[in-house]
Amino acid sequence: MESILKIHNVEKYYGSRSSLTKAIDNISFEVDKGEFVAIMGASGSGKTTLLNCVSTIDRVTSGHIFVDGEDITKLKGNLLNKFRREELGFIFQDFNLLDTLTAYENIALALSIQNVSVSEISRRVDKVAKELDIKDVLKKYPYQMSGGQKQRVASARAIITNPKLVLADEPTGALDSKSAKMLLERFDYLNKELEATILMVTHDAFTASYATRVIFIKDGKIFNELHRGDDSRKEFFDKIIDVVTLLGGDLNDAL
Amino acid sequence: MLFKLSLKNIARSIKDYAIYFFTLILGVAIFYIFNAIESQTVMMNVSSSTYEIIDLMNSMLSGVSVFVAFVLGFLIIYANRFLMKRRNKEFGIYLTLGMSRRKISLILFFETLIVGCISLVVGLVLGTALSQVMSLFVANMFEAKMTEFEFVFSSSACIKTLIYFSIMYILVMIFNTYNVSRCKLIDLLNANKKSEKVKMKNPLVCIIVFILSACALGYAYWCVTGGVTDMQTADKILIPIALGALSTFFIFWSLSGLLLKIFMSMKNVYYKGLNSFTLRQFSSKINTTVFSMTIICLMLFFTICVLSSAISIRNSMTSNLEAMVPADIQLDKKMDLPADSKYSKGIIEDSKIQVSETLDRLGFDMDKYFKDVIEFDLYASDEFMIRDTLGSSYDEMAKQFPYLDYDMAETFIKESDYNKVAKLYGLDQVQLNGNEYVVIADFDSWINIRNEGLKQNTAITIDGTTLTPKYDECVNGFVYMTSSHINTGIFIVPDDVLKSMPRESGILIANYKADTDEEKQEIEDKIMHLDNNPYAVNTDIEASTKISLYEGSIGLGAMITFIGLYLGIIFLIASAAILALKELSESTDNKERFHMLRKIGTDEKMLNKALFRQIGIFFLFPLILAIIHSIFGIKFCAYLLETFGKDELIKSIIATAGIIVFIYGGYFLITYLCSKNIIKER
């Protein structure tokens, strides 16, 4: 399989010399094309910092991150913005939809900043809306939608540009369990049918069980790694719970 | 401890609200500058008649200052409300920490105190510095000679500024205390979480409202221009003003929805770059700010009209003066006063003799001081009222202009006398062929009325001689020297028809026998001192001299200019500051939105462009409507002030535009730069 994301000896330190915090302590792994990877860890384990580094919102202290062979830690200014809007898709815990725009306009925005033609925008928004089952909310504003609908709109915005990599930061964090399940099934569909590569950060074992691979992080280091293989989702969930129990600490509270 | 907290709060927010401090300082400085004019004028070397005008100006300026203080007070409280709203969460945290409301009030009290003190001190220092420049301007306006530069500090203006602004700040403190004591903790903490509801208006309703308000506005425009002649009483102007204000509101209301609809249907434009975002930003805010937009638009309209009219009055006054006051002196008095009138016996006696003879009795040597002397009489009789000379057009005119007095006796002058005056004044002479008459006038609306009568060839009969008009319109001309065009009409008739008509007034026009300004002033002083002669009680002779008319109109022009500038600049600053503060106070919301746009990979350049457009539209929208209003408003002002002349309107409009671009544009730029700073990546 072709590797789409390659994280190589990445370190991220916070604070000054006297009180140094290693948020990420020498992490290396690869994500192949078409994989659905979940990163699990307790709060403070460094998982969101890692995601921020991949998404170029934050900068690494040392090490390299390659997306499709290109070292993104070297990118600057408008090249960074270009990279973000053309190669990445974002899904945030708090949706991050613009409250002044309708769902349709929110999704279209991702294309219009790439100067895609109007007819192309309309075609692609219709297609992605069908896939994520949000056709009937396209005309609504964020405040008129449920949390699950908002997150699916945000997901639509993330994948409409056909990004090489979709990054999701606690996507189910603000959803009730029913909406969360629905969203994750859509993720599964995106991953399997549309071959979207997804990197998701979560502290929820149920959410992680939809992934094809789970990477556990503790104190800025990789603690364990699980491949789903041919397991059913239920079996995979049990395996994840085992590791979580092993990890101990406050991840248990999240269950 | 609380004081320290206040200090820290100010230090933290000074960057975000620099524009608020800036406006306060500017307000203080301008208030000081215009109130300090009084002490500057005291130092000037000007004549006594100019002093009278300056006195009047100073008392008017201090009256206007009260009004200005209200405007500034309103601005400060309004701005303060914005700033407080932004800090709701902070207050919520204080309250949850167990701080009492009284203590929060105390924090705010200290903050206002510190802000007030800083702005007063800086503003007064700035004001004192700028008022030195102003003193040059003042001297220039009054054409006073500046012998030497003198540093002027007006302690009375300083004290006045301190008192007025202290009152404003105390009001702000009371307002804050009231607000803090009233608010609920839950609202404070959730203040930022409330998601904004964007209500889309029904486009059909928008279109209907827009058309209706455009029609109403059109009618208001017509009232003050085309239909201006119907505006007979002062209260009638209230209708177009009220209509204009209301339709301004509804135009903003409907246009916000309408424009969005139009742009949304232009899909190629709407879905290009950040256009959809910018437009939505604009429409989501205009929903909540239609009212303040209206206020700002009307304030701008007021500013433009006041500034351009004030500047144009002064300019045309001084430029017209040369043509309007061609001779050095004109003396006039009533002639042939009836014996039973309310005047004293001496005056009635005096009214039987010529002006030159009166001068002689006053002990004035005409041959020594005057040259180019013309002396003549004007005639009037109760038999010839204005109504009689309008002919058949009278009924129509009386209907159109019922407020005019048609029962005034018309004034007549002999053809030969007028031609002498015209020669001296440099006006066109009039040649009558037999039984003809000519009307001279320079008051535009009266010329229009009289032309109606002349077009119908209205004949008048004096002493059995019937005269017909030579021309079907008035001839431009005047007899009395004044600083404005107020000649409503004088009839020039053949010399011999006036034999039996009673004399109305005697007039003597002359130039001084002098070459230099100093010598002229000496003669002028001599004439003014004739009042001391014992015979003076027996005459009501009046003098209009070139020197006094010049001084009077220069003074009047300067006064109007200063008051116009004062009000105009304060209004301009107030409206620009409200817009700027509104825009900046929303920058926290914008910060989140722009941050999100950045996350999905929007270029900085695109973001800045969107921000620039967003703020630009907000500043431009009220300005455009205000300019449209002003086109008609200035026309109306020109109509009201037509006696002052209107030749200089273009120049004054350019000057006004310059002031607006400088102040309003300056506020726009500062707002843009501050907003850009706020949305910058941390």
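The single residue among B:619, B:632 that is assigned to a helix (DSSP H, G or I), in contact with a Phe, Trp or Tyr (Cβ under 6 Å, 6 or more places away or on another chain), closer than 24 Å to residue B:677 by Cβ and away from chain A (no Cβ under 12 Å) turns out to be B:619.
Among residues of the range B:84-98 that are in contact (Cβ under 8 Å) with a residue 12 or more places away in the chain, none has a beta-carbon under 8 Å from a residue that is surrounded by fewer than 11 Cβ atoms within 10 Å (Cβ to Cβ) at least six positions away or on a different chain.
Condition check ((1) at pLDDT 85 or above; (2) touching a strand residue (DSSP E or B) at 6+ places or on another chain (Cβ under 6 Å)) across all residues:
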{"site": "B:345", "(1), (2)": "no, no"}
{"site": "B:360", "(1), (2)": "yes, no"}
{"site": "B:368", "(1), (2)": "yes, no"}
{"site": "B:373", "(1), (2)": "yes, yes"}
{"site": "B:380", "(1), (2)": "yes, yes"}
{"site": "B:389", "(1), (2)": "no, yes"}
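Restricting A:101, A:75 to those that are facing another protein chain (nearest Cβ under 7 Å), among the hydrophobic types (A, V, I, L, M, F, W, C) and in contact (Cβ under 8 Å) with a residue 12 or more places away in the chain reduces the list to A:101. Report whether or not residue B:580 is modelled with pLDDT of 85 or more and either assigned by TED's automatic domain parsing to the domain that holds residue B:243 or buried (at least 16 other Cβ atoms within 10 Å of the Cβ) (or both). So residue B:580 passes the test.
The condition of being part of a helix (DSSP H, G or I), more than 14 Å from chain B (Cβ to nearest Cβ) and at negative phi holds for only one of A:50, A:111, that being A:50. Residue A:90 falls short on exactly one of the conditions (1) facing another protein chain (nearest Cβ under 7 Å); (2) modelled with pLDDT of 85 or more; (3) farther than 19 Å from residue A:160 by Cα, and that condition is (3). Could you list, in sequence order, the residues of the range B:445-460 that are of a type outside the set (Gly, Ala, Ser) and surrounded by 13 or more Cβ atoms within 10 Å (Cβ to Cβ)? Correct list: B:446, B:447, B:448, B:449, B:450, B:451, B:452, B:454, B:455, B:456, B:458, B:460.
Pairing each residue of the range A:210-230 that is at positive phi with any residue that is among the hydrophobic types (A, V, I, L, M, F, W, C), provided the two are 6+ apart or on different chains, yields C-beta distances under 8 Å for A:220/A:23; A:220/A:24; A:220/A:27.
Here residue B:405 meets each of (1) assigned to a helix (DSSP H, G or I); (2) surrounded by fewer than 16 Cβ atoms within 10 Å (Cβ to Cβ) with one exception, condition (1). None of B:208, B:241 is surrounded by fewer than 17 Cβ atoms within 10 Å (Cβ to Cβ), under 30 Å from residue B:568 (Cα atoms), out of contact with any Cys (no Cβ under 9 Å at 6 or more places or on another chain) and at pLDDT 85 or above except B:241.
Condition check ((1) modelled with pLDDT under 85; (2) assigned by TED's automatic domain parsing to the domain that holds residue B:317; (3) within 30 Å of residue B:583 (Cβ to Cβ)) across all residues:
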position	(1), (2), (3)
B:33	no, no, yes
B:41	yes, no, no
B:45	yes, no, no
B:64	no, no, yes
B:93	yes, no, yes
B:116	no, no, yes
B:129	no, no, yes
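May I ask you to verify whether residue A:150 is in a helix (DSSP H, G or I), at negative phi and more than 12 Å from every other protein chain (Cβ to nearest Cβ)? Taking the combined requirement at face value, the residue does not satisfy it. For the range B:96-139, residues that are in a loop (DSSP other than H, G, I, E, B) and of a type in the set (Val, Ile, Thr) total 0.
Okay, residues lined up against (1) within 14 Å of chain B (Cβ to nearest Cβ); (2) in contact with a strand residue (DSSP E or B) (Cβ under 8 Å, 6 or more places away or on another chain):
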residue: A:16; (1), (2): no, no
residue: A:21; (1), (2): no, yes
residue: A:37; (1), (2): no, yes
residue: A:42; (1), (2): no, yes
residue: A:46; (1), (2): no, yes
residue: A:57; (1), (2): yes, no
residue: A:62; (1), (2): no, yes
residue: A:65; (1), (2): no, yes
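Being closer than 30 Å to residue B:525 by Cβ, touching a Phe, Trp or Tyr at 6+ places or on another chain (Cβ under 8 Å) and not polar (S, T, N, Q) holds for only one residue in B:44, B:60, and it is B:44. Report the residue count in the range A:194-232 for those that are exposed (fewer than 14 other Cβ atoms within 10 Å of the Cβ) and either among the hydroxyl-bearing types (Ser, Thr, Tyr) or over 21 Å from residue A:45 (Cβ atoms) (or both). Final tally of qualifying residues: 5.
For the condition within 27 Å of the chain's Cα centre (by Cα) and among the small types (Gly, Ala, Ser), what is the one hit in B:543, B:576, B:510? Criteria check complete, one pass: B:576.
Residue by residue through the range A:114-146, note down the ones that are in contact (Cβ under 8 Å) with a residue 12 or more places away in the chain and at positive phi. Once the filter is applied, which keeps residues that are in contact (Cβ under 8 Å) with a residue 12 or more places away in the chain and at positive phi, the range A:114-146 yields only A:133. All of B:92, B:98, B:63 fail the test of being out of contact with any strand residue (DSSP E or B) (no Cβ under 8 Å at 6 or more places or on another chain) and at positive phi, apart from B:98.
The values are calculated or read from the model by the stated rules, or taken from the named source; none is laboratory data. Quantities reported herein were computed from a predicted structural model and do not represent experimental measurements. Here the Cβ is made from the backbone with ideal geometry for all residues, glycine too, and neighbour counts use every protein chain on show.
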